[in-house]
Amino acid sequence: MKKKIEKSESNKTKDVLERMDAFFGKHEKVFLRLSLILAAIMSFLMFDCKVSLSGDDSDYIINAQQFIKHFTYPGSRGALYPIVISPFLIFGLNLILIKSLSAVFMIVSMWLIYKSFRAIVPYSVLMPALLLSSICPHIFFYASYTYSEPFFMIVQALFIYLITKYFRNTESSESLHLKTDWKKFVYIGLCFLAMGLTRTIGYSVMGAVILYLCILKQWKNMFYSLASGGIFYGLFAVIKKVVWPESGAAYSIINFLAKNHYNPEQGLEDLPGYINRLIVNSNGFLSDYLYRFMGFRSPNNMVPEGIPLLTIFTYILFAVCIIFIYKKNRPLLFVGLYTGTMLFVSFILLQTIWLQDRFIMIYYTLILMFFFGGFYYIIKKIKSLSFLYPLILIAILIGTGIHFKVKVEKNLPVLQQNLLGNDLYGLTPDWENFVKMSRWTNEHLDKNAVIASRKPSISYIYTGREFFGIYTVPSEPLPDAVKQIDDNADKFNYIAIDITKGFFRGFENNIRYFFITRLNGNFTIDGNPIKAALFLRIDKSEDMQAVTNILNDNNVLYTLDYKTFLKQYIDDKSAQYQVIDPDVLLKTITDNDVKYMILPKIRLYTAENTGYYINTLHQYVNFINAKYPDSFRNIHTIGKEETCDLYEFFGTEASVTEK
């Protein structure tokens, strides 16, 4: 009886957090196993047997195949991930096996996070963060995708494990001794290189390490860590140069600093541009995706909808948590510095068109742990708020559970059909027709014929056949076009005509450039707004009066004052247009021996058929056919809605009659 009374009095003296710590600490193994088991179950329930529609995961698989078969360095994207999965492709492509590796990476990363912070972070902070992460459907959506993010999570967790293990004596400014602890810095340097080789943003981790060790005043540790990372980066650069001299870099930093990542020729971003990136990305990633993960925003938003006030609140909350954690728990401080550094660099470098939740989901468990830790120490300071902590955990649990129900109910019928053999079930008609056409070409066309595809990696995954990739319509640099026109002004007359009505019959051989307005371009001919213009080149020996009579008879809007016409494009600083040279497009086709082109009507907005579709290859066919009629002909169509067409190239002299 006396022991029971003492135990009851002891419990009364403990606050809510202490009781939660005692509970989670006592049952930590149970909660760890539960988290890992739930993560495995979630990985299965959210499993997608198909490759993603972006084509990125298909590219990783192809890069891995090229590495294991031909020892080709996977330089187009983060190289380490394809290298790691390449042994699993020795005996052929087993898509389910390769995709399942992502789930393994994510589950192991959770175990490593537990190992990193066990006994050095309050159990009521660590265990709920793991448990809530393990049932988040937005995270485990990627557990079956062959993106680099799941593998990055395991490398990231390993790096954090090393930091928390080697720099655990955080109350002292005394550094490790290089003579006895050099291996530790070797491991840190190798892990730093691994993070950067997996995802370019991974190199930013050294910024967090420098900040952390500066705060601890461990100057030698900072110097040794930085030196180790630099040495291994340099050694790898030399090895790569010797072994794979033609590989190049996955991405140049110039691409990230440019206004247009895919067209650096447009120039580097300016300060207002970087500020805009920071604002737009902060709104999208923080006030939408982060709170969506926690169950506080709609799970079905296709496009992130930022809430500026919520973004500001999140930044303030982050700063408050840093202040309260600063002297209380240095490992949690490192988590805050790490996630803050990685997100800040991401928000600056990422183009605003890349607002995808996968860029933030890799930090979700760490973000949860950091904020929970902040709440924990705030409440420790302000006892009257102790009731809030369990309420916050319960609210996130309920919100996550609701999202879990919505996402799993949506995915299960698709998963069931895929496992029963209907591997295209779940695709929208535009993508289904595209894959079917890729398969049709593989079955019916000459095995040596070159076939162009907007998504060659996806075509390859579903057929095993190589396709030629055409991703963009090349735009002629305006200065080059202007110079070419000026240099030939003594030989030719130039006419700019509005081609909204599509009229240029009889002038095919005179076509020089197409001027296509993009976004909100504001261009005119004689004060009349136009969306697309055609630049004709007429030999000065021809009768210009006869030409203009034909244009007038057909009510075509045109101007002979080509310099005034061009000046509005020269003066436009927003580059809201493209200058298309059909002969450049034709050269791409002929130089690469392209015989066929797959023209799918891939939706511009994936969730809905708005009638707008990605028309890259359609432009190739239309622009070339405009100048060289009957060069392409539609020989096969699949689908009744959102059709996919197959065009055959007959050459510029072809004259084909319709069947």
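Can you name the residue in the stretch 180-206 that is β-branched (Val, Ile, Thr) and open to solvent by 20 Å² or more (accessible area, probe 1.4 Å) and, of all such residues, is nearest to Ile362 (Cα to Cα)? Please lay out each step first, then the result.
Of the stretch 180-206, the ones β-branched (Val, Ile, Thr) are 180, 186, 188, 198, 200-201, 205.
Then drop every residue that is not open to solvent by 20 Å² or more (accessible area, probe 1.4 Å), which leaves 180, 186, 200-201.
Numbers: Thr180: 34, Val186: 25, Thr200: 14, Ile201: 12 Å.
Ranking the qualifying residues of the stretch 180-206, first place goes to Ile201.
Looking at the stretch 49-59, is at least one residue under 23 Å from the mean Cα position of the chain (by Cα), under 30 Å from Val242 (Cβ atoms) and either at pLDDT 95 or above or surrounded by fewer than 21 Cβ atoms within 10 Å (Cβ to Cβ) (or both)?
yes
Scan the helices (runs of 4 or more DSSP H) fully inside the stretch 426-542 and keep the ones with 3 or more residues being closer than 30 Å to Glu608 by Cα. Let's see the steps before the verdict.
Values: elements: 429-444, 456-463, 478-487.
Filter on the stretch 426-542 gives 429-444, 456-463.
Name the single residue that is modelled with the lowest pLDDT among those in the stretch 291-350 being open to solvent by 70 Å² or more (accessible area, probe 1.4 Å) and under 21 Å from Ser116 (Cβ atoms).
Out of the qualifying residues, it is Lys327.
Taking the stretch 362-391, which residues are touching a residue at least 12 places away in the same chain (Cβ under 8 Å) and surrounded by fewer than 20 Cβ atoms within 10 Å (Cβ to Cβ)? Steps first, please.
Here is the first cut: in the stretch 362-391, the ones touching a residue at least 12 places away in the same chain (Cβ under 8 Å) are 362-381, 383, 386-390.
Those that are touching a residue at least 12 places away in the same chain (Cβ under 8 Å) and surrounded by fewer than 20 Cβ atoms within 10 Å (Cβ to Cβ): Ile378, Lys380, Lys381, Lys383, Ser386, Phe387, Leu388, Pro390.
Looking at the stretch 448-458 only, could you name the residues that are surrounded by 19 or more Cβ atoms within 10 Å (Cβ to Cβ), touching a strand residue (DSSP E or B) at 6+ places or on another chain (Cβ under 7 Å) and farther than 11 Å from Ile62 by Cβ? Give the derivation first.
Filtering the stretch 448-458 for residues surrounded by 19 or more Cβ atoms within 10 Å (Cβ to Cβ) gives 451-458.
If we keep only those that are touching a strand residue (DSSP E or B) at 6+ places or on another chain (Cβ under 7 Å) as well, we get 451-454, 456.
Those that are surrounded by 19 or more Cβ atoms within 10 Å (Cβ to Cβ), touching a strand residue (DSSP E or B) at 6+ places or on another chain (Cβ under 7 Å) and farther than 11 Å from Ile62 by Cβ: Ile451, Ala452, Ser453, Arg454.
Would you confirm whether any residue within the stretch 255-275 is at pLDDT 90 or above and open to solvent by less than 30 Å² (accessible area, probe 1.4 Å)?
Here is the first cut: in the stretch 255-275, the ones at pLDDT 90 or above are 275.
Filter once more, so that each one left must be open to solvent by less than 30 Å² (accessible area, probe 1.4 Å): none.
No, the stretch 255-275 contains no residue that is at pLDDT 90 or above and open to solvent by less than 30 Å² (accessible area, probe 1.4 Å).
Given Ser144, Ser86, Ser148, which one is in contact with a Gly (Cβ under 7 Å, 6 or more places away or on another chain), small (Gly, Ala, Ser) and within 19 Å of Ser457 (Cα to Cα)?
Numbers: Ser144 fails: in contact with a Gly (Cβ under 7 Å, 6 or more places away or on another chain); Ser86 fails: in contact with a Gly (Cβ under 7 Å, 6 or more places away or on another chain).
That would be Ser148, the only listed residue that is in contact with a Gly (Cβ under 7 Å, 6 or more places away or on another chain), small (Gly, Ala, Ser) and within 19 Å of Ser457 (Cα to Cα).
Which numbered condition trips up Ile394, out of (1) open to solvent by 40 Å² or more (accessible area, probe 1.4 Å); (2) closer than 25 Å to Ala452 by Cα?
Answer for Ile394: the failing condition is (2).
Within the stretch 511-553, restricting attention to residues that are within 37 Å of the chain's Cα centre (by Cα) and aliphatic (A, V, I, L, M), which residue is farthest from Pro474 (Cα to Cα)?
Ile530
Among the residues of the stretch 568-579, is there at least one that is at pLDDT 90 or above and either under 28 Å from Asn448 (Cα atoms) or not hydrophobic (A, V, I, L, M, F, W, C) (or both)?
Step one: list which residues in the stretch 568-579 are at pLDDT 90 or above, which gives 579.
Retained after the next criterion (residues that are either under 28 Å from Asn448 (Cα atoms) or not hydrophobic (A, V, I, L, M, F, W, C) (or both)): none.
No; the residues of the stretch 568-579 include none that is at pLDDT 90 or above and either under 28 Å from Asn448 (Cα atoms) or not hydrophobic (A, V, I, L, M, F, W, C) (or both).
Does the stretch 32-39 contain at least one residue that is open to solvent by 10 Å² or more (accessible area, probe 1.4 Å), in contact with a Phe, Trp or Tyr (Cβ under 7 Å, 6 or more places away or on another chain) and at pLDDT 95 or above?
Taking the stretch 32-39 as the starting set, the residues that turn out to be open to solvent by 10 Å² or more (accessible area, probe 1.4 Å) are 32-34, 36-38.
Now narrow it down to the ones that are in contact with a Phe, Trp or Tyr (Cβ under 7 Å, 6 or more places away or on another chain): 32, 36.
Then drop every residue that is not at pLDDT 95 or above, which leaves 32, 36.
Yes - at least one qualifying residue is present in the stretch 32-39.
When the residues of the stretch 74-106 are narrowed to those that are within 18 Å of the chain's Cα centre (by Cα), open to solvent by less than 30 Å² (accessible area, probe 1.4 Å) and hydroxyl-bearing (Ser, Thr, Tyr), which ends up farthest from Met153 (Cα to Cα)?
That would be Tyr81.
Is there a residue being in contact with a Cys (Cβ under 9 Å, 6 or more places away or on another chain), under 27 Å from Ser287 (Cα atoms), open to solvent by 40 Å² or more (accessible area, probe 1.4 Å) and assigned to a helix (DSSP H, G or I) anywhere in the stretch 408-425?
No - not one qualifying residue is present in the stretch 408-425.
Show the residue pairs that are 6+ apart or on different chains and have beta-carbon atoms under 7 Å apart, the first residue being within the stretch 574-586 and touching a residue at least 60 places away in the same chain (Cβ under 8 Å), the second being of a type in the set (A, V, I, L, M, F, W, C) and open to solvent by 30 Å² or more (accessible area, probe 1.4 Å).
Sorted first by the residue in the stretch 574-586, then by its partner, the pairs are Tyr577/Ile516; Gln578/Ile516; Ile580/Ile516.
Would you kindly identify the helices (runs of 4 or more DSSP H) lying entirely within the stretch 256-361 that contain at least 3 residues that are free of Cβ contacts under 8 Å to residues at least 24 places away in the same chain? Don't jump to the end; show me each part of the working.
Values: elements: 271-282, 308-325, 330-349, 358-361.
The qualifying helices (runs of 4 or more DSSP H) are 271-282, 308-325.
Give all pairs with beta carbons closer than 8 Å in which a residue from the stretch 130-159 that is under 19 Å from Phe47 (Cβ atoms) and in contact (Cβ under 8 Å) with a residue 24 or more places away in the chain meets a residue that is open to solvent by 20 Å² or more (accessible area, probe 1.4 Å) and among the small types (Gly, Ala, Ser); count only pairs at least 6 apart in sequence or on separate chains.
Close Cβ pairs satisfying both conditions: Ile135/Gly401; Ser144/Ser100.
Looking for something farther than 22 Å from Asp59 by Cα and either crowded, with 18+ Cβ neighbours inside 10 Å or among the hydroxyl-bearing types (Ser, Thr, Tyr) (or both) - is there at least one such residue anywhere in the stretch 465-475?
Yes, that holds for at least one residue.
Here is a check on your reading of the model: is Phe623 within 23 Å of Arg505 (Cβ to Cβ) and open to solvent by 60 Å² or more (accessible area, probe 1.4 Å)?
Numbers: within 23 Å of Arg505 (Cβ to Cβ): yes; open to solvent by 60 Å² or more (accessible area, probe 1.4 Å): no.
Criteria not met by Phe623.
The values are calculated or read from the model by the stated rules, or taken from the named source; none is laboratory data. Note that the coordinates shown come from a computational prediction; the quantities given were computed from them, not determined experimentally. We place every Cβ from the backbone using ideal geometry, glycine too, and count neighbours over all the protein chains shown. SASA here: full protein model, heavy atoms, side chains in, ligands and nucleic acids out. Shrake-Rupley method; radii C 1.70, N 1.55, O 1.52, S 1.80 Å.
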